[in-house]
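Chemist: Mind looking over this structure? Questions follow.
The values are calculated or read from the model by the stated rules, or taken from the named source; none is laboratory data. Quick caveat, the model's predicted, so the values are computed rather than measured. Counting neighbours? That spans all protein chains shown, and the Cβs are built from the backbone with ideal geometry, glycine included. Ligands, DNA and RNA are stripped out before the accessible areas are found, and what is left, the full protein with its side chains, is counted by its heavy atoms. Shrake-Rupley method; radii C 1.70, N 1.55, O 1.52, S 1.80 Å.
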Amino acid sequence: EALYESKTVSLDAELRTTKGELEALKGELQAVKAGKPTTPAGREEQNTDISRLQATIEELQDTVKTLKAEKESAETRVQRATEIERNMTIRSAFQRAIPKGVEFFDVDEALELGQKDGKLELSEHGTVFIVNPRTGNPRIGADGDPMTLSAFVNEIVAKKPYLVKANLSSGSGSGEARELSREAKPLNPAQLPKDEFEALKNRVKLGERIV
(Lines give C-alpha, C1' and ligand atoms only; values in the text may rest on other atoms or scores of the structure.)
Protein backbone atom coordinates (compact mmCIF):
# COMPACT_ATOMS: atom_id res chain seq x y z
CA GLU A 1 0.00 0.00 0.00
CA ALA A 2 2.77 2.46 0.95
CA LEU A 3 4.50 1.78 -2.37
CA TYR A 4 1.43 2.71 -4.41
CA GLU A 5 0.70 5.74 -2.21
CA SER A 6 4.23 6.99 -2.90
CA LYS A 7 3.79 6.33 -6.61
CA THR A 8 0.48 8.22 -6.61
CA VAL A 9 2.13 11.27 -5.01
CA SER A 10 5.00 11.14 -7.54
CA LEU A 11 2.62 10.81 -10.50
CA ASP A 12 0.48 13.65 -9.20
CA ALA A 13 3.51 15.96 -9.00
CA GLU A 14 4.66 14.96 -12.50
CA LEU A 15 1.15 15.48 -13.85
CA ARG A 16 0.94 19.01 -12.42
CA THR A 17 4.35 19.89 -13.89
CA THR A 18 3.42 18.53 -17.32
CA LYS A 19 0.10 20.40 -17.30
CA GLY A 20 1.98 23.60 -16.46
CA GLU A 21 4.36 23.08 -19.39
CA LEU A 22 1.41 22.36 -21.66
CA GLU A 23 -0.38 25.59 -20.73
CA ALA A 24 2.83 27.57 -21.25
CA LEU A 25 3.26 26.11 -24.74
CA LYS A 26 -0.36 26.87 -25.63
CA GLY A 27 0.25 30.48 -24.63
CA GLU A 28 3.40 30.58 -26.72
CA LEU A 29 1.53 29.12 -29.68
CA GLN A 30 -1.16 31.78 -29.47
CA ALA A 31 1.49 34.48 -29.38
CA VAL A 32 3.23 33.10 -32.47
CA LYS A 33 -0.09 32.83 -34.35
CA ALA A 34 -0.87 36.45 -33.44
CA GLY A 35 2.31 37.64 -35.18
CA LYS A 36 2.02 39.34 -38.56
CA PRO A 37 5.30 38.85 -40.44
CA THR A 38 5.66 41.06 -43.46
CA THR A 39 8.19 39.06 -45.43
CA PRO A 40 8.07 35.58 -46.96
CA ALA A 41 11.00 34.51 -44.75
CA GLY A 42 9.17 35.77 -41.68
CA ARG A 43 5.98 33.92 -42.59
CA GLU A 44 7.94 30.74 -43.25
CA GLU A 45 9.62 31.03 -39.85
CA GLN A 46 6.23 31.61 -38.23
CA ASN A 47 4.78 28.48 -39.85
CA THR A 48 7.81 26.46 -38.73
CA ASP A 49 7.38 27.65 -35.13
CA ILE A 50 3.65 26.88 -35.19
CA SER A 51 4.27 23.34 -36.47
CA ARG A 52 6.96 22.74 -33.83
CA LEU A 53 4.80 24.02 -31.00
CA GLN A 54 1.75 22.06 -32.15
CA ALA A 55 3.80 18.84 -32.30
CA THR A 56 5.22 19.44 -28.82
CA ILE A 57 1.75 20.20 -27.45
CA GLU A 58 0.37 16.96 -28.90
CA GLU A 59 3.21 15.00 -27.27
CA LEU A 60 2.54 16.62 -23.91
CA GLN A 61 -1.19 15.96 -24.24
CA ASP A 62 -0.43 12.27 -24.79
CA THR A 63 1.89 12.35 -21.76
CA VAL A 64 -0.89 13.88 -19.63
CA LYS A 65 -3.28 11.12 -20.70
CA THR A 66 -0.71 8.45 -19.81
CA LEU A 67 0.06 10.03 -16.43
CA LYS A 68 -3.66 10.30 -15.62
CA ALA A 69 -4.19 6.62 -16.43
CA GLU A 70 -1.18 5.58 -14.33
CA LYS A 71 -2.32 7.75 -11.44
CA GLU A 72 -5.86 6.31 -11.54
CA SER A 73 -4.41 2.79 -11.60
CA ALA A 74 -2.18 3.53 -8.60
CA GLU A 75 -5.11 5.10 -6.71
CA THR A 76 -7.24 2.03 -7.43
CA ARG A 77 -4.50 -0.23 -6.08
CA VAL A 78 -4.22 1.91 -2.94
CA GLN A 79 -7.98 1.75 -2.41
CA ARG A 80 -7.98 -2.03 -2.97
CA ALA A 81 -5.07 -2.56 -0.57
CA THR A 82 -6.73 -0.31 2.02
CA GLU A 83 -10.00 -2.24 1.72
CA ILE A 84 -8.24 -5.60 2.05
CA GLU A 85 -6.36 -4.40 5.14
CA ARG A 86 -9.58 -3.03 6.62
CA ASN A 87 -11.48 -6.28 6.05
CA MET A 88 -8.65 -8.34 7.52
CA THR A 89 -8.55 -6.14 10.63
CA ILE A 90 -12.33 -6.43 11.10
CA ARG A 91 -12.29 -10.20 10.54
CA SER A 92 -9.44 -10.65 13.01
CA ALA A 93 -11.26 -8.59 15.65
CA PHE A 94 -14.45 -10.58 15.01
CA GLN A 95 -12.60 -13.87 15.48
CA ARG A 96 -11.03 -12.70 18.74
CA ALA A 97 -14.50 -11.81 20.05
CA ILE A 98 -15.92 -15.31 19.50
CA PRO A 99 -16.56 -16.86 22.95
CA LYS A 100 -14.57 -19.87 24.06
CA GLY A 101 -16.43 -23.03 23.12
CA VAL A 102 -18.22 -21.46 20.15
CA GLU A 103 -17.21 -22.46 16.64
CA PHE A 104 -18.90 -21.19 13.51
CA PHE A 105 -19.18 -23.41 10.44
CA ASP A 106 -17.82 -20.49 8.42
CA VAL A 107 -16.51 -17.37 10.14
CA ASP A 108 -16.83 -15.25 6.99
CA GLU A 109 -20.43 -16.34 6.50
CA ALA A 110 -21.27 -15.55 10.13
CA LEU A 111 -19.62 -12.15 9.78
CA GLU A 112 -21.46 -11.35 6.55
CA LEU A 113 -24.91 -12.43 7.76
CA GLY A 114 -24.38 -10.87 11.18
CA GLN A 115 -23.74 -7.47 9.62
CA LYS A 116 -27.38 -7.23 8.55
CA ASP A 117 -28.07 -6.19 12.15
CA GLY A 118 -24.87 -4.27 12.75
CA LYS A 119 -22.27 -3.19 10.24
CA LEU A 120 -18.70 -3.39 11.47
CA GLU A 121 -16.62 -0.30 10.81
CA LEU A 122 -13.01 0.60 11.47
CA SER A 123 -12.22 3.86 13.25
CA GLU A 124 -9.27 6.08 12.36
CA HIS A 125 -7.56 4.66 15.46
CA GLY A 126 -7.89 1.09 14.18
CA THR A 127 -10.64 -0.03 16.56
CA VAL A 128 -13.74 -1.90 15.38
CA PHE A 129 -17.19 -0.57 16.27
CA ILE A 130 -20.76 -1.54 15.38
CA VAL A 131 -23.04 0.73 13.36
CA ASN A 132 -26.80 0.46 12.96
CA PRO A 133 -27.16 -0.22 9.19
CA ARG A 134 -30.53 1.59 9.10
CA THR A 135 -29.49 4.80 10.82
CA GLY A 136 -25.72 4.89 10.35
CA ASN A 137 -25.31 5.59 14.06
CA PRO A 138 -23.38 3.41 16.53
CA ARG A 139 -25.50 0.51 17.79
CA ILE A 140 -26.44 0.72 21.44
CA GLY A 141 -26.18 -2.36 23.64
CA ALA A 142 -28.55 -3.55 26.37
CA ASP A 143 -26.58 -1.53 28.93
CA GLY A 144 -27.21 1.73 27.08
CA ASP A 145 -23.60 2.04 25.92
CA PRO A 146 -22.24 1.47 22.40
CA MET A 147 -22.47 -2.25 21.66
CA THR A 148 -19.24 -4.18 22.16
CA LEU A 149 -17.95 -6.62 19.60
CA SER A 150 -18.34 -9.48 22.08
CA ALA A 151 -22.02 -8.60 22.56
CA PHE A 152 -22.42 -8.44 18.78
CA VAL A 153 -20.96 -11.94 18.34
CA ASN A 154 -23.10 -13.31 21.18
CA GLU A 155 -26.17 -11.85 19.46
CA ILE A 156 -25.29 -13.69 16.23
CA VAL A 157 -24.90 -16.97 18.13
CA ALA A 158 -28.26 -16.47 19.85
CA LYS A 159 -30.21 -15.31 16.77
CA LYS A 160 -28.58 -17.52 14.14
CA PRO A 161 -27.75 -20.83 15.86
CA TYR A 162 -27.60 -22.66 12.52
CA LEU A 163 -24.30 -20.86 11.85
CA VAL A 164 -22.74 -22.53 14.89
CA LYS A 165 -21.49 -26.10 15.03
CA ALA A 166 -23.78 -28.31 17.09
CA ASN A 167 -21.20 -29.93 19.39
CA LEU A 168 -20.94 -26.88 21.65
CA SER A 169 -22.10 -28.33 24.93
CA SER A 170 -19.42 -31.00 25.32
CA GLY A 171 -15.88 -30.65 26.61
CA SER A 172 -14.22 -28.20 28.95
CA GLY A 173 -14.54 -24.43 28.79
CA SER A 174 -17.93 -24.49 27.03
CA GLY A 175 -20.06 -22.93 29.78
CA GLU A 176 -20.47 -19.68 27.89
CA ALA A 177 -21.40 -21.59 24.75
CA ARG A 178 -24.08 -23.54 26.68
CA GLU A 179 -25.46 -20.26 28.05
CA LEU A 180 -25.68 -18.80 24.55
CA SER A 181 -27.33 -21.98 23.32
CA ARG A 182 -30.04 -21.66 25.98
CA GLU A 183 -30.68 -18.06 24.86
CA ALA A 184 -31.13 -19.08 21.22
CA LYS A 185 -34.71 -19.11 19.93
CA PRO A 186 -36.09 -22.19 18.08
CA LEU A 187 -35.20 -21.98 14.42
CA ASN A 188 -38.04 -21.41 11.92
CA PRO A 189 -36.56 -21.70 8.39
CA ALA A 190 -39.66 -20.10 6.85
CA GLN A 191 -38.87 -16.84 8.62
CA LEU A 192 -35.29 -16.60 7.40
CA PRO A 193 -34.17 -14.08 4.75
CA LYS A 194 -33.34 -15.68 1.40
CA ASP A 195 -29.54 -15.61 1.82
CA GLU A 196 -29.72 -17.03 5.35
CA PHE A 197 -32.15 -19.74 4.17
CA GLU A 198 -29.65 -20.67 1.43
CA ALA A 199 -26.89 -20.89 4.05
CA LEU A 200 -29.08 -23.21 6.13
CA LYS A 201 -29.88 -25.40 3.09
CA ASN A 202 -26.16 -25.79 2.39
CA ARG A 203 -25.65 -27.02 5.94
CA VAL A 204 -28.40 -29.61 5.46
CA LYS A 205 -26.99 -30.74 2.11
CA LEU A 206 -23.65 -31.36 3.76
CA GLY A 207 -25.36 -33.55 6.35
CA GLU A 208 -24.48 -31.25 9.21
CA ARG A 209 -26.61 -31.20 12.33
CA ILE A 210 -28.58 -27.95 12.66
CA VAL A 211 -29.17 -26.60 16.17
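Chemist: Give the number of residues within region 52-79 that are within 20 Å of E23 (Cβ to Cβ) and either open to solvent by 70 Å² or more (accessible area, probe 1.4 Å) or touching a Pro at 6+ places or on another chain (Cβ under 6 Å) (or both).
Modeler: The number of residues fulfilling the criteria is 9.
Chemist: Considering only region 120-141, I want to know if a residue exists there that is open to solvent by less than 50 Å² (accessible area, probe 1.4 Å), closer than 18 Å to A151 by Cα, free of Cβ contacts under 8 Å to residues at least 12 places away in the same chain and among the small types (G, A, S).
Modeler: Yes: one or more hits.
Chemist: Residues in region 74-119 that are within 30 Å of D12 (Cα to Cα) and either in contact with a helix residue (DSSP H, G or I) (Cβ under 8 Å, 6 or more places away or on another chain) or in contact (Cβ under 8 Å) with a residue 60 or more places away in the chain (or both): how many?
Modeler: So the answer is 7.
Chemist: In region 142-164, which residue that is touching a helix residue (DSSP H, G or I) at 6+ places or on another chain (Cβ under 9 Å) and among the charged types (D, E, K, R) is least open to solvent (accessible area, probe 1.4 Å)?
Modeler: Among those that are touching a helix residue (DSSP H, G or I) at 6+ places or on another chain (Cβ under 9 Å) and among the charged types (D, E, K, R), it is K160.
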